[in-house]
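J.: Questions regarding the structure given below will be posed in turn.
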Amino acid sequence: MSLLAVEALSRNFAGLRAVSEVSFCVEEGSITALIGPNGAGKTTCFNLIAGALKPSSGRVIFAGEDVTGLPPEALCLRGIGRTFQIVRPMPELTVLENAMVGAFARESRLAAAEAVAREALSRVGLLPKAGMPAAQLTLPDRKMLEVARALATRPRLLLLDEVMAGLRAGEAGAIVESLRAVNAAGVTILMIEHVMRVVMALARHIVVLHHGEKIADGTPEEVTRDPAVIRSYLGERGAA
Amino acid sequence: MRRGAIAVAAFSGLLALGPLVLDGYLLSLLALAFAFAFFGAAWNLMMGFAGMLSIGHGLYIGIGGYTVAVLLVTFGVSPWAGLPLAGLLCAGLGAAIAWTGFRFAVRGVYFALLTLAAAELARILFEHWPFVGGTGGFFLPALPPGNVPLLTLRGGPEFFYFAFLLLLTAALVLTLAIRHSRMGYRLMAIREDEDAARASGVPVLRMRIAAAALSGGMTGIGGGLFALMNGSLFPNTMMGVAISIEIMIAPIVGGLGTVFGPAIGALFVMPVHELSEHLAQEAGVFGLNTLIYGLLVLLVVLFLPAGIGPSVARLLRGRR
Amino acid sequence: MDLVAGVIANGVLMGAVYALIAFGLTIIFGVMRVVNFAHGEMVVIGMYAGYFLWAAFDTHPLAAVLPAAALLFLIGYLLQFHLVQHFLARPAHVQFILFIALALVITGAHLVAFGPNPRGIFSLASFEVYRIGGLRLDAVRSQAAAAALLIVALLWAFLRASRLGRAIRAAADNRTGAAVVGIRIRHVYAVTAGIGMACAGAAGALVAPLFDTHPFLAPEFTLIAFITVILGGIGSLPGALLGGLLIGVAEAAAALVLSPSMKSVLSYGLLILVMLARPQGIIGSPEGQR
């Protein structure tokens, strides 16, 4: 059974259809990528799954339970963790304290939360910087802090929104390794990603959105051969 | 956490020696400073930690004060019962305002105006309510001879010095405990980024209501003691815009969202206030204190946006 | 019946002045997304300008409107250009504290300069009344309302038709976009703040003959402006007009039915109701709120 099933999900904004009848599944233990040109509705789709937006129609099934329209905090407790495209760590707090906010989702005591947070930080390689104010982190470190905070909530499914955007090749390489390790430890990952090299390196399953509709769904090989996908990407390049 | 606890103990221990060396005038001045440090600490829990801007905290001072005073004078209920009741009532009010506001997605500036509207509404109603004396005010009777402060919770400067110091110490301990607890982390997460907080499993509405209830309840208790100290209550001075703004100055000057900010701010602002008042009287210039207050806050916002507290802490630690 | 009609008519007249005050607040918010918590203080500056012009030259109350507006435009322009500009990207509560500090400084300066005592304009014009059918309208109030509406209309036309006005509206729609198109954004912001505060100043000069001027009036005006703006929808100019009229009539009605000192009760009640039922205001769009 799939960990996450999205069924005919739609969302309208003032008459505009941002996401239209999108359906796909994410298998337990997999890394699935959601790709598509800018404005394809990827982030909206994420927000619908994570509860930040309510769908106009359609259903979100997580671990066999209909979780459509539940608020983000309830989804977090059910095991959906997420990062945000624009990273905004809490600048006044230290790296460790940032991660602890996530850990408190399941821990009520300070010491326990700190242990969980440290473990999450170590999984993304941020443990040496635990005592630093988050404001002093470099961009790649901030992105990893977002991942660590999400991990500290002990998710079964991790939603990653463009963690690679704005990073240099070397920095992206380290993050790819960290994400592989996280996945190997049993966390299912659904990621929005623009950097195709990263998508190809990580994902075994790709869902392609265009103008809010799903135009392809399959393995990387299938998707890259798909004429509709090629057209949509070339179309975007042509316009730009 | 431990460093903070030691600091609270040192702070309160040192100030507890005050009556040995200070005269009645200075004691009542410091009692007032403690009162505003306490109000500031309560307001800071909402604003500094949860990022909920309340510009109508006078509501809780007023309701707390009137509750204690009316219970005492009209119904003969001891402040020992009146103060907790005032706290509960104001906690409920705070929770109700936070719930209505955030339940209906009234955020940021809107929430601030909601708090102000509630306070002003209460002030106007109290000014027209004969039962509490209206604009004419509500007065506590003179203290009987042989008054036992610990029984009546009323007394001279020394009593209120200790009473407000005790209340302030409790507020510092509470703030410290919250700062290092799940609730503190969650409140700070909401302040920094509500969406990220919700995605991290923080029940935002519940936390906001909790923060407002705690803050309102504390302010209500403080307001009750404040009324006992003043001996008289007027809607305008107990819950007008002026007092709502005045209690924000200490935590802003001292440092928003810090444990000691409100206390440091109040101890810094009080002499400034008193000096400028003297100056205003000597020179016959009315309003000089308001001007100096404004300039002080302006300078802090411009040059020390984190408040003077963090700078003081750095000095104490011997670092630059 | 005549009494009721008169009260409502006077409420409408007052509402027009409130609308002018609110217009200033809402244009500043609409363009720069900052809330001027010192707006009432600006009104009081305008009132003092009106009072002193009358005291020195015995001018007609309306003659003070232009000088007061010009003074407040200058203050607004300089404040925005040199001070508020640096706070645009800061959190809302920091901006709030900045404006509270400004409000305290202005009130303190007023107290130091002019003292706490109310100053009233005593002009023979105060006793004039217009009669329309059975309706008796206070002349000064009617003139103030007419002037306020005229100013709102002129500003409306300015925002629609002039180059600078269009730049201001472009800046309100899209900050980064406007900067890209080459609008000197800092100048446009400063002009906007100038206009917004000039509205407050002009309104101050208009009400100076109606209320005695003293420094502590400021918070009341700030509150009225807020209520007006929120009722109409923050950032919406027609909303400010509608809100002003509503508040004017609500105050007049409450003063009649309850008591004059309870005139604000109905407006606060209305405010809380609108906030809960329709946070974007009666006219405003949902994007206007934050």
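The values are calculated or read from the model by the stated rules, or taken from the named source; none is laboratory data. All figures in this text were calculated on a predicted structure; none of them were measured in a lab. We place every Cβ from the backbone using ideal geometry, glycine too, and count neighbours over all the protein chains shown. SASA here: full protein model, heavy atoms, side chains in, ligands and nucleic acids out. Shrake-Rupley method; radii C 1.70, N 1.55, O 1.52, S 1.80 Å.
J.: Can you tell me which of B:108, B:56, B:94 moves the most in a GNM of chain B? Springs connect C-alpha atoms under 10 Å apart.
T.: Of B:108, B:56, B:94, the Gaussian network model singles out B:108 as fluctuating most.
J.: What lysines sit close enough to residue A:129 to cross-link, taking a C-alpha to C-alpha distance under 20 Å and skipping anything fewer than 8 places away on the same chain?
T.: A:143
J.: Would you tell me the mean number of C-beta atoms belonging to other protein chains that fall within 10 Å of each C-beta in B:299-311, as a whole number?
T.: Working: counts 1, 2, 12, 5, 0, 0, 5, 1, 0, 0, 0, 0, 0.
Taking all residues of B:299-311 together, the mean is 2.
J.: Another one. Grab the beta carbon distance between residue C:186 and residue B:103, set R0 = 45 Å, and tell me the FRET efficiency rounded to 0.05.
T.: Values: r = 39 Å, r/R0 = 0.87.
Efficiency computed from Cβ-Cβ geometry: 0.70.
J.: What spacing in nm lies between the two simple spin-label points modelled at residue C:3 and residue A:86, each 7 Å away from Cα in the Cβ direction?
T.: 5.7
J.: Which order do A:65, A:21 take by accessible area at a 1.4 Å probe, largest first? Let's see the in-between values first.
T.: Values: A:65 75, A:21 110 Å².
Reading off the accessible areas and sorting them downward yields A:21, A:65.
J.: Roll a 1.4 angstrom probe over the protein heavy atoms and tell me the percent of accessible area of chain C that is carbon or sulfur.
T.: Numbers: 7970 of 11560 Å².
The nonpolar share, carbon plus sulfur, comes to 69 percent.
J.: Testing the spin-label approximation: label points 7 Å from Cα along Cα→Cβ at residue A:180 and residue B:81. State their distance in nm.
T.: 7.3
J.: Then there's this: Determine the dipole magnitude for segment A:1-107: charges of +1 sit on the beta-carbon of Lys and Arg, -1 on that of Asp and Glu, nothing else is charged, the reference point is the Cα centre, and the result goes in debye to the nearest 20. Mind dumping the intermediate values first?
T.: Values: 9 positive and 10 negative charges, 77 e Å.
Its charge dipole is roughly 360 debye.
J.: For segment A:65-78, take each phi angle, set θ = phi - 60°, evaluate the Karplus expression 6.51 cos²θ - 1.76 cosθ + 1.60, and give the result in whole Hz per residue in order, putting x for glycine and proline.
T.: 10, 6, 10, 4, x, 5, x, x, 5, 5, 5, 4, 5, 7
J.: Further, regarding this structure: Just checking the output field for C:113-123: average partner chain Cβ neighbours within 10 Å of each residue's Cβ?
T.: For peptide C:113-123, the averaged partner shielding equals 1.
J.: If one takes the accessible area of chain A alone plus chain B alone and subtracts that of the pair, with a 1.4 Å probe, what total in Å², rounded to the nearest 100, results? Each step should come with its number before you reach the end.
T.: Details: alone 10730 and 15290 Å², together 24200 Å².
Between A and B, the summed buried area is about 1800 Å².
J.: Here's something else I'd like to know. Go through B:279-287, A:90-98 and give me the packing order, highest mean Cβ count within 10 Å leading.
T.: Details: B:279-287: 14.0, A:90-98: 21.4.
In decreasing order of mean packing, B:279-287, A:90-98 become A:90-98, B:279-287.
J.: Do any residues of segment C:254-278 show a loss of at least 40 square angstrom of accessible area between the isolated chain and the full protein assembly, using a 1.4 Å probe, and if so which?
T.: For segment C:254-278, once contacts with the other chains are taken into account, C:262, C:265, C:268, C:272, C:275, C:276 lose 40 Å² or more.
J.: Now for a different question. Based on Cβ point charges of +1 for Lys and Arg and -1 for Asp and Glu, what charge dipole magnitude is obtained for the protein assembly as shown about its Cα centre, in debye rounded to the nearest 20? Write down the numbers at each step before the final one.
T.: Values: 59 positive and 47 negative charges, 302 e Å.
Its charge dipole is roughly 1440 debye.
J.: Further, regarding this structure: If you stretched the chain out fully between residue B:272 and residue B:2, how much longer would it get, using 0.36 nm times the residue separation minus the C-alpha to C-alpha distance?
T.: Numbers: separation 270, 0.36 × 270 = 97.20 nm, distance 3.19 nm.
Taking 0.36 nm per residue and subtracting the Cα distance, the gain is 94.0 nm.
J.: Hey, another quick one. Summing both sides, how much accessible area is buried between C and B? Use a 1.4 Å probe and give Å² to the nearest 100.
T.: On the way: alone 13300 and 15290 Å², together 25060 Å².
The contact between B and C buries close to 3500 Å².
J.: Treating cross-link reach as a plain straight distance, find the aspartates and glutamates whose alpha-carbon is under 16 Å from the alpha-carbon of residue A:42, omitting any fewer than eight places away in the same chain.
T.: Within the straight-line cut-off, residue A:42 pairs with A:7, A:21, A:161, A:162, A:193, A:213, A:217, A:236.
J.: Compute the separation of the alpha-carbon centres of segment A:45-72 and segment C:211-265 and state it in Å as a whole number.
T.: 43
J.: Go through A:32, B:67 and list them by solvent-accessible area, largest first, probe radius 1.4 Å.
T.: Final ranking, largest accessible area leading: B:67, A:32.
J.: How much FRET efficiency would the formula 1/(1 + (r/R0)^6) give for residue C:90 and residue B:174, where r is the Cβ-Cβ distance and R0 is 35 Å, rounded to 0.05? List each step's numbers first, then the result.
T.: On the way: r = 29 Å, r/R0 = 0.83.
It comes to 0.75.
J.: If ligands, DNA and RNA are left out, what is the accessible area of residue A:226 with a 1.4 Å probe, given in Å² to the nearest 10?
T.: 40
J.: Then there is this: Probe radius 1.4 Å, ligands and nucleic acids ignored: give me the carbon and sulfur share of the accessible area of segment A:2-239 as a rounded percent. The partial results should precede the final answer.
T.: Working: 5170 of 9570 Å².
Reported share for carbon and sulfur atoms: 54 percent.
J.: Tell me, which residues of segment B:121-168 get at least 10 Å² less accessible area when the other protein chains come in, versus the chain alone (1.4 Å probe)?
T.: Buried by 10 Å² or more upon assembly, which counts only protein chains, are B:121, B:124, B:125, B:128.
J.: If each of residue A:59 and residue A:213 carries a label point 7 Å out from its Cα toward its Cβ, how far apart are those two points in nm?
T.: Calculated label separation equals 2.4 nm.
J.: Let me ask something else. What residue among C:23, B:141, C:252 has its Cα farthest toward the positive end of the dipole of the protein assembly as shown, where the charges are +1 on Lys, Arg and -1 on Asp, Glu, each on the Cβ?
T.: The listed residue farthest towards the positive side: C:23.
J.: Separate question: Just the number, please: carbon plus sulfur as a percent of the accessible area of chain B, 1.4 Å probe, no ligands or DNA/RNA counted.
T.: Values: 8860 of 12550 Å².
With neighbouring chains kept in place, the figure for chain B is 71 percent.
J.: Give me the residues in segment A:66-83 whose solvent-accessible area, probe 1.4 Å, is reduced by at least 50 Å² once all protein chains are included instead of the chain isolated.
T.: A:73
J.: Right, here's the next one. Tell me which of C:37, C:86, B:36 sits at the most positive position along the dipole axis of the protein assembly as shown, charges placed on C-beta atoms (Lys, Arg +1; Asp, Glu -1).
T.: Result: C:86.
J.: If I take R0 = 51 Å and measure r between the Cβ atoms of residue B:303 and residue A:77 in this structure, what FRET efficiency does the formula 1/(1 + (r/R0)^6) give, to the nearest 0.05? All intermediate terms of the calculation are to be shown ahead of the outcome.
T.: Numbers: r = 44 Å, r/R0 = 0.85.
Plugging the Cβ-Cβ distance into 1/(1 + (r/R0)^6) gives 0.70.
J.: Okay, next question. Highest GNM mean-square fluctuation, chain A, Cα pairs closer than 10 Å: which of A:191, A:100, A:200?
T.: Largest GNM mean-square fluctuation: A:200.
J.: Just the accessible area per residue of the protein assembly as shown, please: how many Å² with a 1.4 Å probe? Numbers along the way, then the final one.
T.: Values: 33980 Å² over 850 residues.
The answer is 40 Å² per residue.
J.: Whenever you get a sec, line up A:25, C:199 from highest to lowest accessible area (probe 1.4 Å, protein heavy atoms). Could the numbers behind the result be given before it?
T.: Details: A:25 55, C:199 5 Å².
Output order, biggest surface exposure first: A:25, C:199.
J.: With all protein chains present, calculate the accessible area of residue C:220 using a 1.4 Å probe and round the result to the nearest 10 Å².
T.: Its heavy atoms expose roughly 90 Å² to the probe.
J.: Treating only the Cβ of Lys, Arg, Asp and Glu as charged (+1, +1, -1, -1), what charge dipole size does segment C:2-216 show about its Cα centre? Round to the nearest 20 debye. If you can, show how the numbers build up before the last one.
T.: Working: 13 positive and 7 negative charges, 175 e Å.
With Lys and Arg at +1 and Asp and Glu at -1, about 840 debye.
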